[in-house]
Amino acid sequence: MGSGIANPLQDLLHDRWAGDDFFARRASGADPVLVTGDFNAGETNPAFQQLLEAPEVALFDTFRSLHPAAREVGTFNGFEGTTRGEKIDAVLASEAWKILAAEIVRAARQGRYPSDHFPVTATLTLR
């Protein structure tokens, strides 16, 4: 089992209880599936890609589906508002969902940020 410190997503994907059948034991391809969170792994990280390419349930990044060419999408801001870095937060959805909207919320109040990550939101409806 991994340490959960350096890359929790990668550890999850390699733990015995998760492995290749993680989704197969939890959902079929027809089930509506949403996976959200701070993945501590960028979009090109092999562990994140493995999550998107799981054969049992096809998932897609809702933000990238609507904004495929967006740049400066870093979601870790360290309470400073920077957009440099990778997008490590995501709302992932299966094909059962239609995306109505998806955004990275960069709001601040008086120059202060409520979190060290920008929230990633998605508005979805079942097809």
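Bear in mind these aren't lab numbers, they're just calculated from the coordinates by the rules spelled out. Keep in mind that what you see is a predicted model, and the values were worked out from it rather than measured. Please note: Cβ atoms are built from the backbone with ideal geometry, for glycine as well, and neighbour counts cover all protein chains shown.
Is it the case, given these coordinates, that residue 121 is under 12 Å from the mean Cα position of the chain (by Cα) and hydroxyl-bearing (Ser, Thr, Tyr)? Give the steps one after another, and end with the answer.
Values: under 12 Å from the mean Cα position of the chain (by Cα): yes; hydroxyl-bearing (Ser, Thr, Tyr): yes.
Judged against the criteria, residue 121 is a match.
Within the stretch 83-105, the set of residues being loosely packed, with under 13 Cβ neighbours inside 10 Å and not in a strand (DSSP E or B) comprises 84, 105. Residues in the stretch 102-127 that are in contact with a strand residue (DSSP E or B) (Cβ under 8 Å, 6 or more places away or on another chain) and aromatic (Phe, Trp, Tyr): 118 alone.
Condition test on residue 105, is it under 18 Å from residue 30 (Cα atoms), hydrophobic (A, V, I, L, M, F, W, C) and more than 11 Å from the chain's Cα centre (by Cα)?
Values: under 18 Å from residue 30 (Cα atoms): no; hydrophobic (A, V, I, L, M, F, W, C): yes; more than 11 Å from the chain's Cα centre (by Cα): yes.
So residue 105 does not fit the description; no.
Taking residue 123, is it exposed (fewer than 15 other Cβ atoms within 10 Å of the Cβ) and either under 19 Å from residue 41 (Cα atoms) or in contact (Cβ under 8 Å) with a residue 24 or more places away in the chain (or both)? Taking the combined requirement at face value, the residue satisfies it. Determine, yes or no, whether residue 72 is surrounded by fewer than 15 Cβ atoms within 10 Å (Cβ to Cβ), over 21 Å from residue 54 (Cβ atoms), charged (D, E, K, R) and touching a residue at least 12 places away in the same chain (Cβ under 8 Å). When the stated conditions are applied, residue 72 passes them. Evaluated against (1) more than 22 Å from residue 31 (Cβ to Cβ); (2) crowded, with 17+ Cβ neighbours inside 10 Å, residue 62 falls short on exactly one condition, (1). Every condition in (1) under 21 Å from residue 40 (Cβ atoms); (2) without any contact (Cβ under 8 Å) to a residue 40 or more places away in the chain; (3) in contact with a strand residue (DSSP E or B) (Cβ under 7 Å, 6 or more places away or on another chain) is met by residue 99 except one, and the failing one is (1). Filtering 79, 118 for residues that are surrounded by 18 or more Cβ atoms within 10 Å (Cβ to Cβ), under 17 Å from residue 40 (Cα atoms) and among the aromatic types (Phe, Trp, Tyr) leaves a single hit, 118.
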